[in-house]
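**Q** Could you have a look at this structure, given as structure tokens, before my questions?
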Amino acid sequence: MRTKTMAVLLLAVILTELSVVEGWWGGSRESKSSSGGSKSSNGGSKPSSGGNKPSRGGSKPSVGERFSSAVKAGFNSAKETFQKAKEKAKAAADFTKQAVQGAGDMKKAYSDMRKANWKNSDKYFHARGNYDAAKRGPGGAWAAKVISDARESYQSGLSGQGPEDTAADQAANEWGRKGGDPNKYRPKGLPDKYR
């Protein structure tokens with residue numbers, strides 16, 4: 001991509017430089033008479049009847065000027081397209097980074113829940129994992145939703161915990177993901193290290 005951009009830029013510069021050589025792009029093309037050329041009978045040259053007449057609407061840009069203008073416009077358009085592509089690539093990289101970090105937040109919350117092994121603390125850890133992941137940005141929130149949905153699908157379908165428990169877990173997940181304070185679900189006595 002960078003090589004193509006440099007090639008277009010180099011071509012634009014070359015063509016712009018060439019456009020100033022009048023005559024090459026269709027500007028004035030006066031031919032110089034050679035020293036052995038024929039002279040008119042009166043010893044001088046007569047102006048031709050179709051000589052340069054002043055144009056009615058002012059001077060028209062030469063072919064070279066028009067071409068140079070077109071090259072500049074094309075170059076600016078290419079530059080703008082490249083900038084937009086660069087911004088999209090950065091946004092995609094940011095989203096991916098946020099998703100990876102958010103997945104790490106979810107893993108930490110699950111790990112803490114297992115270590116704490118505290119009665120009625122699962123909703124707190126659900127909310128906390130989603131809250132921390134969503135703070136990373138859209139990628140983190142996306143990862144938290146995907147992980148939460150997969151986990152609840154497994155629990156509801158295979159572990160037999162039932163739809164009521166799944167709905168309560170999902171409410172805690174969504175609460176945290178939308179920025180709600182996870183402490184709403186924090187049980188009394190849970191050690192402070194699990195924050």
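The values are calculated or read from the model by the stated rules, or taken from the named source; none is laboratory data. Since the structure is predicted, the reported quantities are computational estimates derived from the model, not experimental observations. Only protein heavy atoms, including side chains, enter the accessible area calculation; ligands, DNA and RNA are left aside. Shrake-Rupley method; radii C 1.70, N 1.55, O 1.52, S 1.80 Å.
**Q** Going through K107, K123 one at a time, which residue ends up being under 27 Å from K188 (Cα atoms) and open to solvent by 60 Å² or more (accessible area, probe 1.4 Å)?
**A** Every option except K107 fails the conditions.
**Q** Got a number for residues in the range 142-165 being of a type outside the set (G, A, S), open to solvent by less than 50 Å² (accessible area, probe 1.4 Å) and over 38 Å from the mean Cα position of the chain (by Cα)?
**A** Within the range 142-165, residues that are of a type outside the set (G, A, S), open to solvent by less than 50 Å² (accessible area, probe 1.4 Å) and over 38 Å from the mean Cα position of the chain (by Cα) number 2.
Listed here are the residues, each with its yes/no results for (1) closer than 14 Å to R195 by Cα; (2) among the small types (G, A, S).
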| position | (1), (2) |
| --- | --- |
| A92 | no, yes |
| V100 | no, no |
| G104 | no, yes |
| Y110 | yes, no |
| K115 | yes, no |
| N120 | no, no |
| A127 | yes, yes |
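**Q** Here's something else I'd like to know. Out of the range 132-141, which residues are within 24 Å of the chain's Cα centre (by Cα), assigned to a helix (DSSP H, G or I) and not small (G, A, S)?
**A** Correct list: P138 only.
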